[in-house]
Amino acid sequence: GDIVMTEEEIYVGRVLRSGLGSSDVILASSRSQITDVLFLASGIRALAKGEGGGELAIDLLPESAEIKRGDIFIVSPKADNLASGLLFGEMREASSVNGRIFKNARAVHLFNSFRDTPLFVITSPLTP
């Protein structure tokens, strides 16, 4: 589906269905959503998995990654979709687990669905 974003260029989610004057959107933080992300400060890539309620689990974050609370991540340019480069989330916590090669990590979606925010839809280009 088409990409939904805020005027601050925060990735919101994807359009599921469009009707007359409205659209149904699945939020990027919904439980069924997985997004390839890139941490701006470190250049590290990982996967953000929706947990619902604006919460995200960060998977495949290497044990060696120096990620801290407040670090911002975007939709990875390697994601190869119209959302690439949009702001996505903020790191809350990351912890090491003995014997594991990946950290346990949690983040929050930068989009606040409880705020009255204008949204924009980026439509896919038509192919001839």
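The values are calculated or read from the model by the stated rules, or taken from the named source; none is laboratory data. If you're wondering where the values come from, they're calculated on a predicted model, not measured in any experiment. Every residue, glycine as well, gets a Cβ built from its backbone with ideal geometry; the counts of neighbours run over all protein chains shown. Quick note on the areas: whole protein, heavy atoms, side chains included, nothing else; ligands and nucleic acids left out. Shrake-Rupley method; radii C 1.70, N 1.55, O 1.52, S 1.80 Å.
Candidates are the residues of segment 94-109 that are of a type in the set (G, A, S) and more than 13 Å from A65 (Cα to Cα); the one that is surrounded by the fewest Cβ atoms within 10 Å (Cβ to Cβ) is G99. Give the residue, chosen from I122, I72, that is at pLDDT 95 or above and open to solvent by 30 Å² or more (accessible area, probe 1.4 Å). One residue alone meets the criteria, I72. Per the conditions (1) surrounded by 17 or more Cβ atoms within 10 Å (Cβ to Cβ); (2) within 24 Å of I26 (Cβ to Cβ); (3) hydrophobic (A, V, I, L, M, F, W, C), the sole criterion not satisfied by L47 is (1). Could you list, in sequence order, all residues of segment 1-23 that are among the polar types (S, T, N, Q) and either in a loop (DSSP other than H, G, I, E, B) or surrounded by 16 or more Cβ atoms within 10 Å (Cβ to Cβ) (or both)? Within segment 1-23, just T6 meets the criteria.
If you go through segment 14-39 and keep only what is more than 16 Å from I122 (Cα to Cα), in contact with a Gly (Cβ under 6 Å, 6 or more places away or on another chain) and without any contact (Cβ under 8 Å) to a residue 60 or more places away in the chain, you end up with S30, R31, Q33.
For beta carbons closer than 6 Å, sequence separation of 6+ or different chains, a first residue in segment 75-88 that is of a type in the set (A, V, I, L, M, F, W, C) and a second that is open to solvent by less than 60 Å² (accessible area, probe 1.4 Å) and not in a strand (DSSP E or B), the qualifying pairs are V75/A83; V75/S84; V75/L86; L87/L110.
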